[in-house]
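Visitor: This is the structure, below, for whatever I ask next.
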Amino acid sequence: MKVEDIRVAILRMEGTNCEDESYHAFERLGAKPEYVHIKQMLGLVEGEERSPFDYQILMFPGGFSAGDYIRAGAIFAAIMKSRLMDELKEFVREGYPILGVCNGFQVLVELGMLPALDGISAQPEAVLATNDSNRFECRNIYIRHDKKGDSPFTSLYKKGEVLLMPVAHAEGKFMVDAKKEKDILKRLNENDQIVFRYVDPDNPESDDVSYPWNPNGAVENIAGITNPDGNVLGMMPHPERAYYNYMVGLPEPEAFGPGAGIFRSVLDYISHRF
C-alpha cells in the first residue's frame with residue numbers, strides 16, 4: 001500500500017486534545033488523516049458514519065476525554081466498548097495498528113487492549129494512576145527505547161536509544177495489581193512489551209530512576225507498552241509534540257524530532273504489510 005493511500009482516524013470526543021498535532025504528524029508524511037468524532041463511529045451523525053475498517057490506523061490522542069470523570073479515559077473507553085468492541089478486536093487481530101498517547105494510553109488500558117497478556121480482556125488489567133507528586137507534570141523528560149525486537153511503531157529507533165519528549169499528565173503512573181505485580185512484570189518483559197522507560201539523562205543505562213526523571217512513579221519506570229503482538233501501543237509521553245526538533249528545543253530546529261519516528265515507523269509498517 002502506498003503511503004498516500006493510508007487513512008488514519010484521529011479519534012476524539014469532548015475533552016480530547018492534541019488532535020491537530022497528531023493530524024499533522026501523519027499528514028506531513030503523506031498519509032490521509034481524518035478527525036473522527038466518536039459519534040461518527042457510533043453511527044449517530046447521519047451521512048457521516050464511520051467504521052474502524054475505513055482506516056488502516058486508529059489513534060487515540062491526549063487530553064481529558066469526558067473530563068476524566070470516574071477514571072482517566074474510562075468514559076471514552078466505555079462508549080467504545082459498548083458498541084465497537086468486536087470491530088476493534090478484529091481490527092487488531094488483522095494486524096492493523098492502534099496508537100494511544102497520554103489520555104489515549106489510558107483509554108486503551110480501560111478497554112483491556114493493553115497489556116492484553118492473554119488477549120484483550122473484559123476488565124482493565126492495569127491502571128494509569130495519579131502521579132506520585134500529586135500534581136500535573138508538564139515538561140520535557142527522557143525515555144529509553146527498550147524494545148528488543150521489531151515493532152510497527154519503533155522500527156526506526158535503535159535499542160537503548162534515548163529520546164527527549166514532553167509529558168503532560170496528572171495520571172500517568174503505570175501500575176498493576178500488587179498481588180500479581182511480580183508475575184505481570186515478568187511476562188511484560190519476557191513478551192518484549194515494554195517499549196519505553198523513563199531514564200535519568202545523566203545515567204541513561206540505569207533502571208534506578210527517581211523523580212523528576214520518572215515524572216509519575218510508574219513501576220519499572222514504564223512510559224509505554226504494547227500488546228503481545230506489538231500492533232497496539234500506549235505511551236504517556238507525546239511524540240506528536242516532538243515531531244520537529246524545535247518543538248523540544250533541540251539543535252537543527254527544522255529536522256525531524258525524537259517523536260517523528262513513531263509516525264514514520266507505523267506508516268512504513270502499513271505500506272509494507274498491506
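Readers should treat all values here as calculations from the given coordinates under stated rules, not as data from a laboratory. Source: prediction; values computed, not measured. All Cβ positions, even for glycine, are placed from backbone atoms using ideal geometry, and neighbour counts span all protein chains on display.
Visitor: Filter the range 4-20 for residues that are of a type in the set (D, E, K, R) and farther than 19 Å from SER65 by Cβ; which is surrounded by the fewest Cβ atoms within 10 Å (Cβ to Cβ)?
Guide: Here the residue is GLU4.
Visitor: Restricting the range 129-151 to residues that are hydroxyl-bearing (Ser, Thr, Tyr) and not in a loop (DSSP other than H, G, I, E, B), which is nearest to ALA223 (Cα to Cα)?
Guide: TYR142
Visitor: Are there strands (runs of 3 or more DSSP E) fully within the range 168-226 with at least 1 residues that are more than 16 Å from the chain's Cα centre (by Cα)? List them.
Guide: So the answer is 171-176.
Visitor: With the requirement that a residue be surrounded by fewer than 17 Cβ atoms within 10 Å (Cβ to Cβ) and on the phi < 0 side of the Ramachandran plot, what does the range 38-50 give you?
Guide: If the condition is that a residue be surrounded by fewer than 17 Cβ atoms within 10 Å (Cβ to Cβ) and on the phi < 0 side of the Ramachandran plot, then LYS39, LEU42, LEU44, VAL45, GLU46, GLU48, GLU49 are the ones that fit.
Visitor: One residue is enough: does the range 51-59 have a residue meeting the conditions at positive phi and either assigned to a loop (DSSP other than H, G, I, E, B) or small (Gly, Ala, Ser) (or both)?
Guide: The answer is no; no qualifying residue exists.
Visitor: Of the residues that sit in the range 102-128 and are assigned to a strand (DSSP E or B) and without any contact (Cβ under 8 Å) to a residue 60 or more places away in the chain, which one is surrounded by the most Cβ atoms within 10 Å (Cβ to Cβ)?
Guide: If we take residues in the range 102-128 being assigned to a strand (DSSP E or B) and without any contact (Cβ under 8 Å) to a residue 60 or more places away in the chain, then ALA126 is surrounded by the most Cβ atoms within 10 Å (Cβ to Cβ).
Visitor: Considering only residues that are buried (at least 22 other Cβ atoms within 10 Å of the Cβ) and of a type in the set (A, V, I, L, M, F, W, C), which ones fall in the range 256-269?
Guide: ILE262, PHE263, VAL266, LEU267, listed by residue number.
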